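Readers should treat all values here as calculations from the given coordinates under stated rules, not as data from a laboratory. The model shown is predicted, which means the values in this text are computed figures rather than measured ones. Here the Cβ positions follow ideal geometry from the backbone for every residue, glycine too, while neighbour counts run over all protein chains shown.
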Amino acid sequence: MTPAVRTKFQAVALLLRDERARVRAAVSGSRQAEQLKRLDGIAAILAATAVQDAGLLALFAEDASVSDAARALKREMERSLGIEAAPEKAAPAQAAATSAVTEAEPRVVPQSVVSRQLANPFLAPDFSAAPQRASYTRRLDGWELLGPLLSSFERADSGAPACMALPAPTARFTPAGLQLMPHQGQVVAAAAAGHRTFLLADEPGLGKTAEALLAAEAANAYPLLVVVPSVVKTNWAREAARWIPHRPATVVQGDGETIDGFADIVVLNYEVLDRHRGWLGDFGFRGMVVDEAHFIKNKSSQRSQHVLALSARIRSRTARPLLMALTGTPLINDIDDFRAIWQFLGWIDDSKPLDELMDALEDTGLTPADRSFHAAARQCVIDQGIVRRRKLDVAADIPARRIADLPVELDERVGRSIRAAERDLADRMVARYKTALANRSCDPGVEGIDHDLVRWVARWEVKEATAAPSGENVFTMMRRIGQAKAGLAADYAAQLARSAGKVVFFAKHVDVMDAAEEIFADRGLSFASIRGGQTPAARHAAIESFVNDPDTAVAVCSLTAAGVGLNLQVASNIVLAELSWTDAEQTQAIDRSHRIGQAEPVTAWRIIAAQTIDARIAGLIDGKAGLAARALDGSDQEVSSSTDMQVEALAALLADALHASLEHGDSPGSSARARVSR
């Protein structure tokens, strides 16, 4: 198949496409049918040729790259036939530039996928049963509903957990020699009974992967697309081989040269969705699972847009596909984190509930103006498929866990430097507080410290630090504290490894991980490093070493890259060298060990820098539950987010500085108010 033959093949394919369009537009009746039949004969010849070289099939695609030689040959053929060539829409260089702007990565079609399409015409997906949207008018069509639906979860009554009614568990789809826990079997039974959309929000460590795989088996949702963080791609393939061994799974790496196009389960990570979205949308998937679904909470991000586009494609072309969003922490920053997940599941679009949820809301007979609407609306959403169970309720046999704080004194010189930076930060906020107070046009009538203004100053400081991270701010300060604690935390982890067995060491910053690994090497301890930027093979080797090699004493893990999806229950001691900003992130890290399969009580040792903002943040984390506690678990604890935590920490720092100013007789607002008065 020489380059000249490929050029001629593509030119003929282009001519065939143009001629078919011309015949459909300009010819009618029996003559049109006759000419289309002859064109189908040419198409059959092209297909028979493509079978000899499967790469030719890609030249049929609507968005196939057309070579300059093929364009020139097509124009030459048209001139020889007396056909006036259509004007070019864009020069090849211009088209290439436009493509480069619109696509960060080139779109690819793996060769194995092409082979699947060629091998058997009966594998072609059938989209004839695609669902149709309702066109009739509803009572609630004029109401704004998404805001009330979201707020219904914020306003949930204490003791009102969010979990749909589930049937009795089934073991019908569980392979011989394995056993599901009852709470897992309930989800499988729901899928077998016909339920097709699930926000599976069980607490981390309760076996959501097995539930999703067997739910797909119960729903016969194959081929199945699984989108996951890169850290757990290999684990999903391994779990699929364990729970549904008769269903081959393939993992997409890079451009997908090594994938099996005939597999029932296709696993790929968020980062490569853009280049594979084209063929994934046409593959004919009957199910889609998104693991760690909170990754798509930002609807403006590329990965969220790719996931939502694929979901919409599957829902528009498949009758009742299985859609599952898996996350132990569905809410991290805001109740709006629900939006992208609900949209992926087909419950809502950008502006309103979709048919099934809208019908349920209609059946309540209520509107957002009714006092009882919020409770009824929340239940309608839950019934769409929210499943939330706590370890306390369904896995009481998992050993207990506890968080133990270890206050440490920083090196004298470093400690002085950090405390001085804290004072500088506090002084900067005090100056801003005084300036704001002086510029008020009226006296709000607040005696002493105006705590509303304190929070305003703290929010402004966080916003400024996020927008322009250079200079000393709360984020750089926390990093410096982490660096200062690295040696102390690693030393304690080494002692634990010597006395109690394997240890998981979590840190947020790479330099803290590097410093800890140097100490472990000096102590003669073998360690595995699990961090961002690793190849899947290197990450898998690190996990296998820690889990299976008795000589590998410590797993040094990134809090962001390894805080989700890993099973590290071989260890029961966790060292948190740096604090996260949310209870949810901390819980995710701890639950790498505190999960099904753990036989020992789990202890998370938090290393806290005494007399610094580190200790203040630890107290704030303990004092507030995650968003899921109120929205999903019926908790009456206060809701917090990462931004809330940053603001609260800075507000406390500023308030302390203002109190100290008051104690020294310098009223923070008196001189400012005097200036305004004058």
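Between ARG419 and ALA309, what length comes free when the chain is fully extended (0.36 nm per residue of separation minus the Cα-Cα distance, one decimal in nm)?
34.7 nm
Mind giving me the nanometre distance, one decimal, between the label points for ASP511 and LEU118, set 7 Å out from Cα along Cα→Cβ?
Rounded to a tenth, the inter-label distance reads 5.4 nm.
So which GluC sites (Glu not before Pro) in the range 470-530 end up in coil per DSSP with only 15 or fewer other C-beta atoms within 10 Å?
When the GluC sites (Glu not before Pro) of the range 470-530 are filtered for loop state and at most 15 Cβ neighbours within 10 Å, GLU472 remain.
So if we plug the beta-carbon distance of ARG428 and ALA538 into 1/(1 + (r/R0)^6) with R0 = 56 Å, what FRET efficiency do we get, rounded to 0.05?
Efficiency, rounded to the nearest 0.05: 0.85.
Got the relative contact order for the range 146-394 handy, in percent, Cα pairs under 8 Å and 6 or more residues apart?
About 28 percent, as a whole number.
Simple spin-label model, 7 Å along Cα-to-Cβ: LYS8 to ASN298 in nm?
That separation, rounded to one decimal, is 5.3 nm.
Grab the Cα-Cα distance for LEU81 and LYS463, subtract it from 0.36 nm times how many residues apart they are, and report the gain in nm with one decimal.
In short, 130.9 nm is gained.
Sketch the reach of a paramagnetic label on VAL27 as a point 7 Å from Cα along Cα-to-Cβ, and name the residues of the range 34-49 whose backbone nitrogen lies under 19 Å away.
Of the residues in the range 34-49, 34-46 have backbone N under 19 Å from the label point off VAL27.
What whole-number volume per residue, in cubic angstrom, does the convex hull of the C-alpha atoms of the range 146-394 give?
125 Å³
Pairs LYS233/LYS352; LYS297/LYS463; LYS297/LYS502; LYS299/LYS434: which are spaced more than 31 Å apart, C-alpha to C-alpha?
Beyond 31 Å between Cα atoms: LYS233/LYS352; LYS297/LYS502; LYS299/LYS434.
Mind giving me the FRET efficiency for ALA610 and ARG498? R0 is 22 Å, r the Cβ-Cβ distance, nearest 0.05 is fine.
0.35
Exposure proxy check: SER372, SER580, SER316 ranked by fewest other beta carbons within 10 Å?
Fewest-to-most Cβ neighbours within 10 Å comes out as SER372, SER316, SER580.
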